[in-house]
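Following: one structure in structure tokens, then a few remarks.
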Amino acid sequence: MILGIARRTAIFLVSVLAASIAVFLFMAVLPGDPAQVALGINATPELIARTRAEFGTDRPLTTQYFDWIGGVLTGDFGRSYVTRDLIGPQLADRLGVTLWLVGAAMVIAVVIAVPLGSFAAVRHRKVSGTVISGASQLGVAVPAFLAGILLVQVFAVQWRLLPSGGWTPPNQDFGEFLRGLVLPALALGLVQGAVLTRYVRSAVLDTLREDYLRTARAKGLMPGQALVRHGLRNAAVPVVTVLGLQLTTLLIGAVVVERVFVLPGLGSMLLDAVAARDLLTVQGIVLVLVIAALLVNFLVDLLYTVIDPRLRRS
Amino acid sequence: MRVFGATLVLAMLVSACSAGSSVSVPADPDAISIGFAAEPANLDFTRTDGAAIPQALLYNVYEGLVKLDADGRVVPLLAREWTVSEDRRTYDFQLRPDVTFSNGQPFTAQDVKFSVERVKTAWTISLKSKMDVVDRVDVVGPLHARVVLKRPSNNWLFDMTTRVGAMFSPSGVADLANTPVGTGPYTFATRKRGDSIVLRANPSYWGRRPAYTTVYLKYYKDPTALNNALLSNGIDVISSITTPDSIGQFEADTRFTVLQGTTNAEVTLSFNNAKAPLNDKRVRQALTYAIDRKAVMATVSAGRGTQIGSMVPPTDPWYEDLSGVHPHDPARAKALLAEAGLRNISLRLRVANLPYAVSAAQVVASQLADVGVNVSIEPLDFPAVWLKQVFTDHDFDMSIVQHVEARDIVTFGNPKYYWGYDSPKVRELLTQADVGTPEKQVQAMKEIARTIADDAAADWLFLFPNVIAAKTKVTGLSRNQVSESFDLTGLGRR
């Protein structure tokens with residue numbers, strides 16, 4: 001088992017390294033000169049050249065890469081071309097907002113999906129099961145940004161119950177913070193909840209057909225009891241895989257939802273940085289997102305062995 | 001379920017230790033919150049370009065010797081009055097007494113010398129060249145500064161109303177990106193990147209106290225989110241609506257007032273004057289005749305805006321309506337193209353990938369197709385790719401972009417500018433306008449506007465409207481956007 005963990009850790013680290021090179025190269029081939037964008041339309045060629053030297057973008061790509069990755073390893077993401085501020089502290093600040101959003105959306109998705117999916121599986125030949133199944137199908141088809149726009153129209157513009165956007169940090173005013181988090185988290189979470197409901201349903205359905213569940217019923221357990229005691233743990237393996245994938249999807253979905261709800265998270269920072277060709281900032285954000293995605297996969301791998309002891313031996 | 005718990009705990013930890021300096025908008029009658037589309041990258045307009053920084057800080061946090069009023073006139077601010085010498089090279093400014101910077105330092109003629117000279121030495125944005133004409137600044141007395149120019153220049157005094165004329169204190173420039181220090185009615189309080197800037201009334205301001213003691217400048221990249229913020233009571237004012245289709249919902253709602261005025265933003269169909277076939281005046285005129293600019297304006301901005309016909313907005317002293325110089329006349333366009341010996345020409349229309357430009361490009365392309373000109377539309381990522389390929393490399397036949405700077409008609413005097421317009425006559429007139437008396441200036445500028453319109457140096461599709469929507473309680477908003485500042489000083493409430 002320890003060997004397995006070591007192997008997975010090695011794969012994780014190599015993937016991060018490969019990702020950092022890919023991210024860097026992608027930024028390097030993106031058309032548009034950061035120095036020129038920073039200086040605007042009246043800049044003279046001399047000024048642009050001087051700014052390029054100041055940014056260090058006139059150096060060979062390999063030098064730029066090692067300079068950057070060397071800094072990142074010590075926690076220094078460099079200084080933004082546009083704001084001329086350190087990128088690291090900004091990243092941490094923005095990541096906090098995004099993690100709140102993604103975390104809340106995930107909770108909403110799970111709270112919706114586990115009971116509804118299980119219920120739909122148990123009642124899969126009944127009307128109620130079919131209705132849930134159909135509704136989740138519909139939810140899968142709605143993109144998060146559309147859900148966001150609709151939620152704003154109804155709850156903020158029409159009824160004026162909740163703010164249409166904006167962010168209040170939790171340590172400043174927790175009530176306002178929650179009010180601001182509700183709509184964006186719902187926009188992200190409802191859609192993911194619909195997706196997850198379908199996976200939970202099919203995983204539970206598969207489990208219901210297993211021999212051990214029939215045995216559990218035979219020794220006198222009610223169907224619900226049998227499912228909770230013996231079935232859910234087994235159904236959890238495929239569901240956790242999907243959750244891992246969904247967490248990654250949520251991070252990406254957050255980029256769009258943050259724009260709709262004007263949240264100062266990683267996503268809106270990324271979009272601004274791309275438009276301004278603030279390449280160092282873009283590199284930093286993308287690297288953090290990639291590491292987050294890889295980390296989720298890594299954790300999901302480890303989690304399998306916790307849920308299913310049989311996997312520990314392989 | 002453990003993984004979700006872990007995510008949430010992580011989220012709490014990260015935000016608890018980092019998300020420090022933000023704001024929400026409380027229902028305080030002395031506070032106002034104003035929504036903007038573009039956020040400042042930082043607070044230092046001496047080293048970072050972009051309209052958003054002076055929009056927030058000029059006249060509000062920073063003041064100059066002079067300012068531009070709502071009608072486009074140069075009026076006194078930190079200078080009580082000034083005189084201009086006979087040769088128009090020497091300006092004597094008498095400064096207001098009892099003015100202090102927000103760090104407590106008094107404002108004197110020394111600061112004028114420091115600030116003007118600092119543009120040449122420490123500023124890095126390209127606008128710094130506006131001070132090249134200054135020969136020297138003399139401190140005649142504590143409240144008397146004399147600026148001597150290398151040659152007479154009307155443009156210089158106008159430029160002093162922009163950010164390059166802002167007055168700084170030598171003890172207040174250590175961290176301009178985060179801590180601006182000016183003499184204005186407001187001081188900078190806090191800022192949350194990606195969200196807002198908060199200004200507070202300056203308790204030791206020399207002039208009239210502003211009506212609102214706290215101002216929240218809130219930033220919304222997405223125009224729909226900006227509109228929704230006002231509709232849902234999240235803000236009090238939208239500084240400028242960029243999607244004219246959405247104006248109707250504010251006009252129909254009694255909670256709001258809508259003001260419509262003019263901007264400096266000419267939505268320009270630019271021609272590459274230096275390259276065949278558009279180096280032929282007849283071809284440019286033909287294209288200008290072929291396009292129905294009112295139809296373009298109807299499509300792009302729901303008919304809101306001003307037909308101008310040249311590169312001059314109505315708030316400039318030399319404005320004339322030149323929209324009739326090349327009226328919509330497809331037959332004449334075809335005749336001119338035939339006269340130029342051109343048939344079945346194909347042109348590349350490389351536009352900024354912004355909604356107004358892409359939508360204008362569709363109308364332009366279809367109207368040009370009617371006179372036998374094939375247009376291929378290429379939207380380019382703005383600003384990065386557009387700046388590189390169109391603006392710097394001149395790799396285009398036609399383009400569409402808003403030219404938002406004040407008095408940017410002077411670019412027609414620069415043959416290296418991306419539209420490649422080279423006219424010795426216009427260059428000579430520009431010099432005359434700059435060095436002459438104000439009367440001479442108006443006369444020369446009018447002639448320049450007519451010349452470039454006759455030459456069809458570009459096709460000015462329309463002037464983008466300035467539309468402000470605000471709660472009815474807010475008063476004192478200016479209809480026209482004339483200066484670089486969103487001037488908070490006149491705001492009041494019912």
Task: Failed item in (1) away from every other protein chain (no Cβ under 12 Å); (2) touching a residue at least 24 places away in the same chain (Cβ under 8 Å); (3) closer than 30 Å to residue A:93 by Cα, with residue A:269 passing the rest - done: (1)
TODO: Check residue B:78 against each of (1) touching a Ser or Thr at 6+ places or on another chain (Cβ under 8 Å); (2) more than 14 Å from chain A (Cβ to nearest Cβ); (3) more than 16 Å from residue B:168 (Cα to Cα) and name the one condition it does not meet.
DONE: (3)
Open item on the list: Considering only residues that are among the aliphatic types (A, V, I, L, M), over 24 Å from the mean Cα position of the chain (by Cα) and part of a helix (DSSP H, G or I), which ones fall in the stretch A:6-47?
Closed with: A:6, A:28, A:29, A:35, A:37, A:38, A:39, A:47
Open item on the list: Being farther than 30 Å from residue A:125 by Cα, among the small types (Gly, Ala, Ser) and at pLDDT 90 or above is true for just one of A:194, A:185. Which residue is that?
Closed with: A:185
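When you go through B:148, B:119, B:134 one by one, which is the residue that is in contact with a Lys or Arg (Cβ under 7 Å, 6 or more places away or on another chain), closer than 30 Å to residue B:434 by Cα, free of Cβ contacts under 8 Å to residues at least 60 places away in the same chain and of a type outside the set (Asp, Glu)?
B:148
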- [ ] Please specify each residue of the stretch B:37-74 satisfying the condition of being of a type in the set (Asp, Glu) and within 14 Å of chain A (Cβ to nearest Cβ).
- [x] B:39, B:44, B:49
TODO: Answer yes or no as to whether residue B:267 is in a strand (DSSP E or B), under 30 Å from residue B:30 (Cα atoms) and modelled with pLDDT of 95 or more.
DONE: no
TODO: Determine whether the stretch B:286-303 contains at least one residue that is surrounded by fewer than 23 Cβ atoms within 10 Å (Cβ to Cβ), of a type in the set (S, T, N, Q) and in a loop (DSSP other than H, G, I, E, B).
DONE: no
TODO: Might you check whether a residue that is part of a helix (DSSP H, G or I), under 29 Å from residue A:275 (Cα atoms), at pLDDT below 95 and of a type in the set (A, V, I, L, M, F, W, C) occurs anywhere in the stretch B:233-253?
DONE: yes
TODO: Kindly indicate whether residue A:184 is in contact with a Ser or Thr (Cβ under 8 Å, 6 or more places away or on another chain), within 12 Å of another protein chain (Cβ to nearest Cβ) and within 21 Å of residue A:250 (Cα to Cα).
DONE: no
Task: Test: residue A:166 is modelled with pLDDT under 90 and within 11 Å of chain B (Cβ to nearest Cβ) - done: yes
TODO: Tell me the strands (runs of 3 or more DSSP E) entirely within the stretch B:345-437 that contain at least 2 residues that are of a type in the set (Val, Ile, Thr) and either closer than 30 Å to residue A:274 by Cα or within 20 Å of the chain's Cα centre (by Cα) (or both).
DONE: B:373-380, B:398-403
Open item on the list: Suppose we keep only residues that are of a type in the set (Lys, Arg) and farther than 17 Å from residue B:79 by Cα within the stretch B:103-157. Which one would you say is surrounded by the most Cβ atoms within 10 Å (Cβ to Cβ)?
Closed with: B:130
Open item on the list: residue B:370 - would you say it is out of contact with any Ser or Thr (no Cβ under 7 Å at 6 or more places or on another chain), more than 10 Å from chain A (Cβ to nearest Cβ) and touching a residue at least 40 places away in the same chain (Cβ under 8 Å)?
Closed with: yes
Open item on the list: Name the residue that is farthest from residue B:157 (Cα to Cα), counting only residues in the stretch B:102-132 that are of a type in the set (D, E, K, R) and within 14 Å of chain A (Cβ to nearest Cβ).
Closed with: B:120
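Residue-wise test of (1) at pLDDT below 90; (2) surrounded by fewer than 21 Cβ atoms within 10 Å (Cβ to Cβ); (3) closer than 30 Å to residue B:230 by Cα.
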site	(1), (2), (3)
A:143	yes, yes, yes
A:162	no, yes, yes
A:189	no, no, yes
A:243	yes, no, no
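Name the residues in the stretch B:460-478 that are closer than 15 Å to residue B:256 by Cα and in a loop (DSSP other than H, G, I, E, B), would you?
Listed by number, the residues that qualify are B:472, B:473, B:476, B:477.
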Task: Filter result (touching a residue at least 60 places away in the same chain (Cβ under 8 Å) and aromatic (Phe, Trp, Tyr)) within the stretch B:412-437 - done: B:412, B:418, B:419, B:421
- [ ] Identify, from the list B:186, B:219, the residue that is under 21 Å from the mean Cα position of the chain (by Cα) and buried (at least 20 other Cβ atoms within 10 Å of the Cβ).
- [x] B:219
Task: Qualifying residue in the stretch B:388-411 (condition: touching a Gly at 6+ places or on another chain (Cβ under 7 Å), free of Cβ contacts under 8 Å to residues at least 60 places away in the same chain and within 14 Å of chain A (Cβ to nearest Cβ)) - done: yes
Task: Evaluation of residue B:179 against (1) more than 14 Å from chain A (Cβ to nearest Cβ); (2) over 23 Å from residue A:166 (Cα atoms); (3) part of a loop (DSSP other than H, G, I, E, B); (4) in contact with a helix residue (DSSP H, G or I) (Cβ under 9 Å, 6 or more places away or on another chain) (one fails), failing number - done: (1)
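Only one of A:165, A:139, A:148 is of a type outside the set (A, V, I, L, M), farther than 18 Å from residue A:100 by Cα and touching a residue at least 12 places away in the same chain (Cβ under 8 Å). Can you tell me which?
Working: A:165 fails: farther than 18 Å from residue A:100 by Cα; A:148 fails: farther than 18 Å from residue A:100 by Cα.
Answer to the check: A:139.
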TODO: Output yes when any residue across the stretch B:192-201 is surrounded by 24 or more Cβ atoms within 10 Å (Cβ to Cβ), part of a strand (DSSP E or B) and away from chain A (no Cβ under 14 Å), and no when none is.
DONE: yes
Task: Filtered residues of the stretch B:376-401 (kept if touching a helix residue (DSSP H, G or I) at 6+ places or on another chain (Cβ under 7 Å) and under 18 Å from residue B:310 (Cα atoms)) - done: B:399, B:400, B:401
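Picking from B:151, B:146, which residue would you name as being more than 14 Å from every other protein chain (Cβ to nearest Cβ) and part of a loop (DSSP other than H, G, I, E, B)?
Checking each option against the conditions leaves just B:151.
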Open item on the list: Looking at A:73, A:39, can you tell me which residue is aliphatic (A, V, I, L, M) and either more than 30 Å from residue B:417 (Cα to Cα) or more than 11 Å from chain B (Cβ to nearest Cβ) (or both)?
Closed with: A:73
- [ ] Of the conditions (1) in contact (Cβ under 8 Å) with a residue 24 or more places away in the chain; (2) farther than 30 Å from residue A:276 by Cα; (3) within 13 Å of another protein chain (Cβ to nearest Cβ), residue A:97 clears all except one; give me its number.
- [x] (2)
TODO: Quick one: which strands (runs of 3 or more DSSP E) lie wholly within the stretch B:31-87 and hold at least 2 residues that are more than 30 Å from residue A:166 (Cβ to Cβ)?
DONE: B:66-68, B:74-76, B:79-84
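The values are calculated or read from the model by the stated rules, or taken from the named source; none is laboratory data. Please read all numbers here as calculations on a predicted model, not as lab measurements. We place every Cβ from the backbone using ideal geometry, glycine too, and count neighbours over all the protein chains shown.
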